[in-house]
Amino acid sequence: MNKLIRLLNTKFIFSKIPKKETVILDEKTAKYYNHILKRKNYFLLHTRWEIIYFKPFLLSFAVWIKNKEYTLLQAYIVTIINIINPKNLITFTDYDIFFWNLKSIFKNKKLIIVQHTHRTKKFINSLLKKNVNKKIKIDFFCTWGDYLGKALSKKIDAKFIITGSLRNNKMLTNKVVEKKCIVFISKYRGNIQTQKKQKKDLSTLLPILKEFCEKKKLSLKILSTKIYPESIKEKKWYSDNFGLGNFKF
């Protein structure tokens, strides 16, 4: 049912797909790296049913029927890549096992995966359990530090490159230092169950932080996990649940 609703909300494009040397997979993570990608010549492949090219979508049914291990969406992704025939495949969605395996499908293409967010040991182990026994081939895997590379090297044959967070690296150093404020780094997530746990944890912490700021005449700022307009929901969540008053977001 959810898949049907998602498909009904999909924007279908009937024009021809442009030929590019590079395909970037997944707009949901790629949008955070516009500072890197804006001057590059690439095709952005939406991989969550947001935008679908109609003719390749029809062709993907044959791929789907032939390859039972694929979902229909995965068959569509393979079809698009075959049509564009790029030299490079890049994704910032480093947790998608299907993306990991693209090199086995497109052996002559360069596959580059970039770590998008912090990965806990528990999360990494859950990813590795989903993997097959044999090692997966990836050309380059960019990580925040050596921990992820060492952990993934058990199942992935890749050249691991420590780049740090490419999202954080875009931030320019601000020479103006604002001393009279406290910045709370948000860990907000859209998942309802996660929100319930966070609300329970923060219901004690944030009022204490607010009181401290008032006593010391400091401003309270919350550093969002999202970018506008997605940050609107996050700001409302803090406003509705914690009585923070006039905080900056």
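The values are calculated or read from the model by the stated rules, or taken from the named source; none is laboratory data. Since the structure is predicted, the reported quantities are computational estimates derived from the model, not experimental observations. Cβ placement follows ideal geometry from the backbone for every residue including glycine, while neighbour counts extend to all protein chains displayed. Remember, those area values only see protein heavy atoms, side chains included, never the ligands or the DNA or RNA. Shrake-Rupley method; radii C 1.70, N 1.55, O 1.52, S 1.80 Å.
Things to note:
- Subset of region 140-162 (residues that are assigned to a strand (DSSP E or B), open to solvent by 20 Å² or more (accessible area, probe 1.4 Å) and either over 23 Å from N108 (Cβ atoms) or acidic (D, E) (or both)): D157, I162
- Hey, W64 on the phi > 0 side of the Ramachandran plot and among the hydrophobic types (A, V, I, L, M, F, W, C) or not: no
- Residues in region 107-139 that are surrounded by fewer than 17 Cβ atoms within 10 Å (Cβ to Cβ) and assigned to a loop (DSSP other than H, G, I, E, B): K107, N108, T117, H118, T120, N131, V132, N133, K134, K135.
- Pairs with Cβ under 7 Å, 6+ apart, first in region 194-219 and assigned to a strand (DSSP E or B), second charged (D, E, K, R): S219/K180; S219/K248
- Among (1) assigned to a helix (DSSP H, G or I); (2) in contact with a Pro (Cβ under 8 Å, 6 or more places away or on another chain); (3) without any contact (Cβ under 8 Å) to a residue 60 or more places away in the chain, the one test that F43 misses: (1)
- On inspection, I81 does not qualify as closer than 16 Å to A158 by Cβ, surrounded by 15 or more Cβ atoms within 10 Å (Cβ to Cβ) and not polar (S, T, N, Q).
- Residues that are among the charged types (D, E, K, R) and crowded, with 16+ Cβ neighbours inside 10 Å, drawn from region 227-238: E234, K235
- Residues that are within 30 Å of Y32 (Cβ to Cβ) and of a type in the set (K, R), drawn from region 200-227: K200, K210, K221, K226
- Selection over region 11-29 of residues that are part of a strand (DSSP E or B) and open to solvent by less than 80 Å² (accessible area, probe 1.4 Å) gives a count of 6.
- Residue check, F57 buried (at least 16 other Cβ atoms within 10 Å of the Cβ), assigned to a strand (DSSP E or B) and at pLDDT 95 or above: no
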